[in-house]
Amino acid sequence: MLDLRLIRENPRLVEDRLSVRGMELNLSDLQELTILINKKDTELSNLQSESKKISKLIGNYYHNQKDSSTIEIEELKKNGDNLKSKISKLEQIKRDLNKKITDQILRLPNFPSEKAPKGKDESQNIEIRKWGNVLKRENLKSHWKLGEELNLFDTKRTAGISKSRFITLIGNGARLERALINFMLDTHQNNGYLELMPPALVNSESLRGSGQLPKFSNESFKCDEDDLWLSPTAEVPLTAFHRGEIIDPKLLPLKYVAYSPCFRREAGSYGKDTKGLIRLHQFNKVEIYWYSHPENSEEAHQKITSDAENILQKLNLPYRVVDICSGDLGFSSSRTFDLEVWLPSSNSYREISSCSNCLDFQARRSLIRTKQDKKSIFLHTLNGSGLAIGRTMAAILENGQQEDGSVKIPDVLIPYFGSSFIKTN
RNA sequence: GGAGAGGUGGCUGAGUGGUUGAAAGCGGCUCCCUGCUAAGGAGUUACAGGAGGUAACUUUUGUCGAGGGUUCGAAUCCCUCUCUCUCCGCCA
């Protein structure tokens with residue numbers, strides 16, 4: 001959420017800073033509403049103040065019991081009654097205004113960082129570094145082909161269980177998924193992260209807090225009898241974990257790692273990535289998350305990104321880091337580094353992690369603060385996948401494929417997986 | 001799902017209509033005292049919005065789970081919702 005005061009006092013600046021996302025905004029109406037509510041608020045305060053005084057006077061009469069001159073009391077009561085009706089009218093006006101304002105302000109995305117590259121879309125993202133040697137060879141198989149040959153997962157039957165874009169992992173496939181989750185959790189834990197295992201269902205308030213609502217309600221699955229949604233990412237419960245709190249600055253940064261299943265409707269992506277593990281309605285993910293003091297969040301962003309990279313390096317998967325341009329940034333993010341893993345079958349890099357600095361955007365929505373010089377200030381939140389499990393499996397299958405059709409398991413995973421190759425039997 | 005009890009400040013816990021943003025205790029912070037780790041004393045200690053001031057700050061309003069209502073006046077009474085706890089039922 002953006003600062004309401006900024007919209008009231010300098011809406012042109014807000015329009016300008018959001019324009020690099022490719023949005024053409026006119027905030028004049030919103031600004032007017034904020035000025036109006038401000039005025040009404042002052043009016044209301046004055047009336048309330050008067051009404052309070054009258055109540056105290058009456059209170060005094062009762063208290064002193066001095067042959068309560070009923071005429072005076074009646075007079076005062078009349079005044080009070082008069083004020084009350086004015087007050088309740090104003091309160092109603094304020095409520096309406098407030099609703100209009102929050103409806104609008106919650107739909108405004110975060111300011112892109114000045115450091116993020118300016119650009120319209122994906123094509124203008126900037127590659128900032130590469131790691132590893134990409135596998136290039138004739139007759140490379142896709143991971144879904146390998147998965148079929150090695151009997152690692154099923155989609156056909158699963159469509160009958162649920163629908164398309166769901167998957168059942170089988171045998172070594174299931175085992176590899178588990179191995180990856182445990183390996184990632186252990187690695188992050190050893191690196192100073194505290195593990196949380198959050199619920200998969202979250203309420204609307206939590207989704208609003210991290211920015212998925214109100215704008216993207218059609219991207220999550222909803223249980224409409226309960227005000228609960230299937231969480232699209234652990235970022236949601238991790239943000240909500242400290243909602244409404246004022247966190248002791250001595251405790252910062254708080255670093256969490258969480259495994260969670262993630263559920264996404266993937267509306268509007270019909271026909272894209274219909275095969276394999278890349279785009280599913282349900283997938284597993286290990287998420288890393290920081291609550292940082294505002295002064296340190298830029299540094300924290302570098303750190304969280306390298307913590308995610310660390311996983312790819314340990315798994316020996318080639319990847320590159322991409323600085324997301326202003327037009328391609330997610331709603332809540334001010335700057336994002338995507339990690340893209342090499343997928344040889346498509347001869348390209350695919351997103352496997354997205355590491356974002358949301359600054360105070362989510363903290364403001366979720367009311368998460370810390371103290372500085374006796375004042376409460378919003379802290380900064382950062383999130384990154386560390387990593388998406390399904391896509392990691394796809395990368396391991398494709399990059400580890402051998403001439404004989406088997407797949408080599410990365411060394412660090414062998415203790416978790418239990419053997420060094422996946423072979424047909 | 002049925003029955004009951006309850007949600008008060010960082011925590012514990014008073015407060016059932018009148019100057020109560022809220023006693024007391026604990027914890028936290030500041031200062032003082034004491035030559036030892038210990039102990040004692042004084043003060044201070046919620047959040048948000050508005051107005052005024054460069055500022056330290058001053059002032060005003062709101063907030064006792066949330067939202068409505070009754071009343072001149074609500075933490076206290078009424079209604080709705082929500083969460084927690086206990087018992088029963090069901091259940092991994």
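Since every read-out is calculated from the coordinates, none of them should be taken as a lab result. Treat the numbers as computed from the prediction; the structure is a model and nothing was measured. Cβ atoms come from the backbone with ideal geometry, glycine included; neighbour counts cover every protein chain shown.
For A:Val20, A:Val134, A:Val286, what's the fewest-to-most ordering of other Cβ within 10 Å of each Cβ?
Exposure proxy ranking, most exposed first: A:Val134, A:Val20, A:Val286.
Under 5 Å between amide H atoms, partner at least 5 residues away or on a different chain: which partners does A:Tyr259 have, H built in plane at 1.01 Å?
A:Leu196, A:Glu287
What are the residues whose amide H is under 5 Å from the amide H of A:Ser353, where those residues sit 5 or more places off or on another chain and H is modelled from the backbone?
A:Leu339
Starting from the Cα gyration tensor of segment A:190-347, take the square roots of the eigenvalues, sort them a ≥ b ≥ c, and report rounded, prolate or oblate (rounded when a/c is under 1.5, otherwise prolate if a/b is larger than b/c, else oblate).
oblate
In nm, to one decimal, how far is the A:Glu266 label point from the A:Val134 one, both placed 7 Å along Cα→Cβ?
Between A:Glu266 and A:Val134, the simple spin-label model gives 2.4 nm.
A 22 angstrom limit on the alpha carbon distance is what I want to check against. Which of A:Lys115/A:Lys285; A:Lys39/A:Lys86; A:Lys53/A:Lys89 exceed it?
Beyond 22 Å: A:Lys115/A:Lys285.
If r is the Cβ-Cβ distance from A:Glu43 to A:Met23 and R0 is 35 Å, what FRET efficiency results, to the nearest 0.05?
Computed FRET efficiency for A:Glu43 and A:Met23: 0.55.
Cα-based Rg (one decimal) and Dmax (whole number) for chain A, in Å?
27.4, 105
What percent do you get for the relative contact order of segment A:4-105 when only Cα pairs under 8 Å and 6+ apart count?
Result for segment A:4-105 is 31 percent.
Once the Cα atoms of segment A:4-105 are picked out, what are the Rg and Dmax in Å?
Cα only, segment A:4-105: 21.2, 73 Å (Rg, Dmax).
Per Stokes-Einstein, at 37 °C and 0.692 mPa s, what whole-number D in µm² s⁻¹ belongs to segment A:94-206, with the Kirkwood radius over Cα pairs as the hydrodynamic radius?
D, rounded to a whole number, is 161 µm²/s.
Give the peptides A:293-305, A:391-403 in descending order of average Cβ contacts within 10 Å, highest first.
Going by the mean number of other Cβ atoms within 10 Å, highest first, we get A:391-403, A:293-305.
Describe numerically, in nm with one decimal, the distance between label points set 7 Å from Cα along Cα→Cβ at A:Glu299 and at A:Asp81.
According to this spin-label approximation, the distance is 6.6 nm.
Around A:Leu2, what is the net charge, scoring Lys/Arg as +1 and Asp/Glu as -1 over all other residues with Cβ under 15 Å from its Cβ?
+4
On a C-alpha basis, how far is the centre of segment A:74-122 from the centre of segment A:175-247 in Å? Whole number, if you could?
One Cα centre to the other: 29 Å.
For a paramagnetic label modelled at 7 Å from the Cα of A:Asp103 toward its Cβ, which residues of segment A:209-229 fall within the zone defined by backbone nitrogen distances under 17 Å?
Under 17 Å, as judged by backbone N against the label point of A:Asp103, lie A:213-217 of segment A:209-229.
For A:Lys130, go through the lysines and keep the ones whose alpha-carbon is under 16 Å away, minus same-chain ones fewer than eight residues off.
Answer for A:Lys130, where 16 Å is the Cα cut-off: A:Lys314, listed by chain and number.
Rounded, prolate or oblate: which one fits segment A:151-214, using the alpha carbon gyration tensor with axes a ≥ b ≥ c (rounded when a/c is under 1.5, else prolate when a/b beats b/c, else oblate)?
oblate
In terms of Cα to Cα distance under 18 Å, which lysines are near enough to A:Lys423, apart from those fewer than 8 places away along the same chain?
In chain and number order, the partners are A:Lys141, A:Lys145, A:Lys408.
Can you sort A:Cys223, A:Cys262, A:Cys355 by how many other beta carbons sit within 10 Å, fewest first?
Neighbour counts put them in this order, fewest first: A:Cys223, A:Cys262, A:Cys355.
Need the full-extension length gain, A:Asn218 to A:Asp373, defined as separation in residues times 0.36 nm minus the C-alpha distance. One decimal, nm.
Between A:Asn218 and A:Asp373, full extension yields an extra 51.6 nm.
Once every DSSP H run of n ≥ 4 in chain A is given -39500 (n - 2.57) and the sum is divided by its residues, what mean residue ellipticity at 222 nm do you get, rounded to the nearest 500 deg cm²/dmol?
The helix-only estimate for chain A comes to -13000 deg cm²/dmol at 222 nm.
Check cross-link reach from A:Lys120 to the lysines: straight Cα distance under 22 Å, and skip same-chain residues fewer than eight apart.
Reachable lysines: A:Lys215, A:Lys272.
Would you mind computing, in nm to one decimal, how far apart the modelled labels at A:Arg12 and A:Ser162 are, each placed 7 Å from Cα along Cα→Cβ?
5.1 nm
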